[in-house]
Amino acid sequence: MAGPTPMTPRPAPAAALLQHVLFRKATMSTNQLAPAAEAGGAGVPDARQLRTILIAVSIALMAVIASVSGLNVAQTHMAVEFGASQSTILWIINIYTLALAALLLPLGAIGDRLGRKPMLIAGLGVFGAAHVVAGLAPTAEVMLAARVASGIGAAMIMPITLAVITSTFPEDQRGKAIGVWTGVAGGGGVLGMFLSALLVDVADWRWLFALPVALVLVALVMTLKSVPNSREKSAHRFDTVGALVSTVAVVGLISVLQEGPDRGWTAPATLTSLAVGLIATVGFVAWERHRRDASLLDVRLFRERGLAGGSVTLLVVFGVQAGIGVVLFPFFQAVLGWSGLLSTAALMPMAVTMMIASGLAPRLTAQIGARSTMATGIALAGVALALMALFVSVDGGYLSILPGLLAMGLGMGLSMTPSTEAITGSLSREKQGVASALNDVTREFGTALGVALLGALVSAGYRSAIDDRLHGIPQGAADTAREGIANAVAAAGGTGTHAQDLIHAAQQSFVDGWQQAMWAGVAVMGALFLYIALRGPKNTTHAAEDETAATEAVAVR
């Protein structure tokens, strides 16, 4: 007969409770290591190998992120060398992001099925080769084709880097690894832009492509040596229709955000892109609901707090970060008169703070929970925008916005890591490539949306404010000044004694537009804070889990 014999002493309630908790912890530890063992195929990676894996995927991610914004500093050089229009130059810059965002979901899903390591190696090869071609491109057309290929390679790399972490690292170490990944994803763009500006200043603009190639070579060697392979078997055929429709939807919507500010929001091309994007999005949702468990992305999961809250938070936070970049560069260059290199260096305090906070976020999440950590980061980001709106001034210069930049870096770092964990934790292990791709697509949409909306707010505020400050300025120069602060500074040289008045009017008007955009950002952050506070991910901590286990044990006794 099963059970204790009459001579077996019955454990005391406290001892039974302790025994239950310890047994639960041991079981959890065993279960947490299982995915890593399965991913590696030859046992659980040790601490040294995990560290090497994290470095490899972080370097690969840095190459992708640095290429998003690095080419911005070479716009003038490309236009002169290729004899290309500004529209063509913008396409060369934006086509990379467009190809990257459009293919993230399909290629992330393919990586889950074919193997994450082979997909990462192939992506690094395509990405590196495309950058070599771009660096040697004799014409704008060749450069454009190389940038498309770079975007395809980036779409193969980016979701796999996070999927390798979530499928390889034991659960108790996964949060710290994701913190490093989000820090690189958030701060890598600023670092890449700084290094790109430095290369343009000290060498030639074509050397911009050498940095990603160098990073790719290092990542490729480390990947071949240390990154384990993992892939998932699926009982369903690949969702080809969903992949194609999602690509059309992303291309349509991202094109609207990229082209709208230049072509006009009511231009036929803009409205056509918007219609195509919206129709494809509705079609994608309908098709995925029909496919259910066989879908590329199970849209029903957005009912869960983790996936919805994490996605909305990343969308808004990355939108605000990108929008601030649009505002800051004209402030540094046209208001303060700084060079491109110095302007980029001025963003480094925010990037460094963001990366540090991303590493600290997992510890805070373990203590107070994901929802509280996200809410804290969002609140700090809102405070940062308020600080910049309150204290920015022409005379105050960089120091008037530095506290806001530091607070923004801290807030973004604290909110990004738990948001990313919430997204990846909402999808099953066999869908980690898709989960990572969804995380990345959300970032790209947020970036494009933030640039379009905050940029439009600053421009509208500038035009409204400068109208009352152009009295006495020659009509031609006044009309030029209304187009933007850079135009006003360029036109000031032909206004004689009115030059200083025009420059001062443009600078002060830009600050007014800045303040309007920042207050709009505060309102958005306030709404996001309320949403996360009420509907964010579950606020479970490790301590709460142990306490729940203890309570359950007492109830059983």
(request) Could you grab the pairs with beta carbons closer than 9 Å, sequence gap of 6+ or different chains, first residue in region 350-367 and farther than 8 Å from Gly179 by Cα and assigned to a helix (DSSP H, G or I), second one hydroxyl-bearing (Ser, Thr, Tyr) and open to solvent by 30 Å² or more (accessible area, probe 1.4 Å)? (result) Leu364/Ser372; Leu364/Thr376; Thr365/Ser372
(message) Quick check on my filter: what residues within region 269-288 are of a type in the set (Ser, Thr, Tyr) and within 23 Å of the chain's Cα centre (by Cα)?
(response) Thr281
(message) List the residue pairs whose Cβ atoms are under 6 Å apart, where the first residue sits in region 443-465 and is without any contact (Cβ under 8 Å) to a residue 60 or more places away in the chain, the second is part of a helix (DSSP H, G or I), and the two are 6 or more positions apart or on different chains.
(response) Gly461/Asp512; Gly461/Gly513; Gly461/Gln516; Tyr462/Ser509; Tyr462/Phe510; Tyr462/Gly513; Ala465/Ser509; Ala465/Asp512
(request) Enumerate the pairs (first residue in region 248-275 and touching a residue at least 12 places away in the same chain (Cβ under 8 Å); second residue anywhere and open to solvent by 40 Å² or more (accessible area, probe 1.4 Å)) with beta-carbon separation below 6 Å, excluding pairs fewer than 6 apart on the same chain, so at least 6 apart or on different chains. (result) Ala249/Thr281; Gly252/Val276; Val256/Leu274; Leu257/Leu449; Thr270/Arg263
(message) Can you tell me which of (1) over 30 Å from Gly425 (Cα atoms); (2) at pLDDT below 85; (3) open to solvent by 10 Å² or more (accessible area, probe 1.4 Å) is the one Arg206 doesn't meet?
(response) (2)
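Just to be sure, is Leu103 open to solvent by 40 Å² or more (accessible area, probe 1.4 Å), modelled with pLDDT of 90 or more and more than 30 Å from Asp204 (Cα to Cα)?
Details: open to solvent by 40 Å² or more (accessible area, probe 1.4 Å): yes; modelled with pLDDT of 90 or more: yes; more than 30 Å from Asp204 (Cα to Cα): yes.
When the stated conditions are applied, Leu103 passes them.
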(request) Considering only region 280-294, state which residues are in contact with an Asp or Glu (Cβ under 8 Å, 6 or more places away or on another chain) and either without any contact (Cβ under 8 Å) to a residue 40 or more places away in the chain or open to solvent by less than 50 Å² (accessible area, probe 1.4 Å) (or both). (result) Glu288, Arg292, Ala294
(request) List every residue pair whose Cβ atoms sit under 8 Å apart, with the two residues 6 or more apart in sequence or on different chains, where the first one lies in region 191-205 and is charged (D, E, K, R) and the second, anywhere, is modelled with pLDDT of 80 or more and not in a helix (DSSP H, G or I). (result) Asp201/Ser339
(request) Mind telling me which of the residues Leu449, Leu438, Leu427, Leu470 ends up being hydrophobic (A, V, I, L, M, F, W, C) and within 24 Å of Val522 (Cβ to Cβ)? (result) Leu449
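Test Phe82 against the stated conditions and say whether it is of a type in the set (Phe, Trp, Tyr) and open to solvent by less than 10 Å² (accessible area, probe 1.4 Å). Walk me through it before giving the result.
Values: of a type in the set (Phe, Trp, Tyr): yes; open to solvent by less than 10 Å² (accessible area, probe 1.4 Å): no.
When the stated conditions are applied, Phe82 does not pass them.
Which of the following residues is open to solvent by 20 Å² or more (accessible area, probe 1.4 Å) and within 13 Å of the chain's Cα centre (by Cα): Leu399, Leu449, Leu406? Step through it out loud before you land on a result.
Working: Leu399 fails: within 13 Å of the chain's Cα centre (by Cα); Leu406 fails: within 13 Å of the chain's Cα centre (by Cα).
Exactly one of Leu399, Leu449, Leu406 is open to solvent by 20 Å² or more (accessible area, probe 1.4 Å) and within 13 Å of the chain's Cα centre (by Cα), namely Leu449.
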(message) Given the criteria at pLDDT 80 or above, at negative phi and either surrounded by fewer than 24 Cβ atoms within 10 Å (Cβ to Cβ) or part of a helix (DSSP H, G or I) (or both), does Val326 qualify?
(response) no
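Does region 106-117 hold any residues that are hydrophobic (A, V, I, L, M, F, W, C) and open to solvent by 20 Å² or more (accessible area, probe 1.4 Å), and which are they?
Applying the first criterion (hydrophobic (A, V, I, L, M, F, W, C)) to region 106-117 yields 107, 109-110, 114.
Answer for region 106-117, where residues must be hydrophobic (A, V, I, L, M, F, W, C) and open to solvent by 20 Å² or more (accessible area, probe 1.4 Å): Leu107, Ile110, Leu114.
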(message) Step by step: first the residues of region 179-194, then only those that are open to solvent by 20 Å² or more (accessible area, probe 1.4 Å) and within 18 Å of Ile55 (Cβ to Cβ), then the one that is modelled with the lowest pLDDT. Which residue is that?
(response) Leu191
(message) I'm trying to understand the selection: among the residues of region 425-466, which are of a type in the set (Lys, Arg) and either outside any helix (DSSP H, G or I) or under 22 Å from Thr240 (Cα atoms) (or both)?
(response) Arg429, Lys431
(request) Could you run through region 209-246 and say how many residues are open to solvent by less than 60 Å² (accessible area, probe 1.4 Å) and not in a loop (DSSP other than H, G, I, E, B)? (result) 17
(request) Specify which of the listed residues (Gly260, Gly264, Gly242) is over 21 Å from the mean Cα position of the chain (by Cα) and under 30 Å from Ser428 (Cβ atoms). (result) Gly242
(request) Consider only pairs whose beta carbons are under 6 Å apart and that are at least six residues apart or on different chains; among these, list those whose first residue lies in region 512-535 and is crowded, with 19+ Cβ neighbours inside 10 Å and whose second residue is modelled with pLDDT under 95 and not in a helix (DSSP H, G or I). (result) Trp514/Val392
(request) Could you list, in sequence order, all residues of region 295-306 that are without any contact (Cβ under 8 Å) to a residue 60 or more places away in the chain and open to solvent by less than 20 Å² (accessible area, probe 1.4 Å)? (result) Ser295
(message) For the condition on the phi < 0 side of the Ramachandran plot, in contact with a Phe, Trp or Tyr (Cβ under 8 Å, 6 or more places away or on another chain), crowded, with 18+ Cβ neighbours inside 10 Å and part of a helix (DSSP H, G or I), what is the one hit in Gly252, Gly277, Gly309, Gly260?
(response) Gly309
(message) For region 118-139, which positions are assigned to a loop (DSSP other than H, G, I, E, B) and open to solvent by less than 50 Å² (accessible area, probe 1.4 Å)?
(response) Ala137
(request) Could you tell me whether region 413-424 includes any residue that is open to solvent by 20 Å² or more (accessible area, probe 1.4 Å) and either among the aliphatic types (A, V, I, L, M) or at pLDDT 85 or above (or both)? (result) yes
(request) Could you list, in sequence order, all residues of region 472-491 that are open to solvent by 70 Å² or more (accessible area, probe 1.4 Å), in a helix (DSSP H, G or I) and within 15 Å of Gln507 (Cβ to Cβ)? (result) Ala490
(request) Among the residues of region 372-396, write down those that are in a loop (DSSP other than H, G, I, E, B) and either surrounded by 21 or more Cβ atoms within 10 Å (Cβ to Cβ) or not acidic (Asp, Glu) (or both). (result) Val392, Ser393, Val394, Gly396
(request) Inspect region 55-75 for any residue being surrounded by fewer than 20 Cβ atoms within 10 Å (Cβ to Cβ), modelled with pLDDT of 85 or more, of a type in the set (A, V, I, L, M, F, W, C) and assigned to a helix (DSSP H, G or I) and give the result as yes or no. (result) yes
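The values are calculated or read from the model by the stated rules, or taken from the named source; none is laboratory data. Predicted model only: the values in this text are computed from it and were never measured. With ideal geometry, Cβ positions are generated from the backbone for all residues, glycine too; neighbour counts draw on all protein chains shown. Side chains are part of the model used for accessible areas, which takes the heavy atoms of the whole protein and leaves out ligands, DNA and RNA. Shrake-Rupley method; radii C 1.70, N 1.55, O 1.52, S 1.80 Å.
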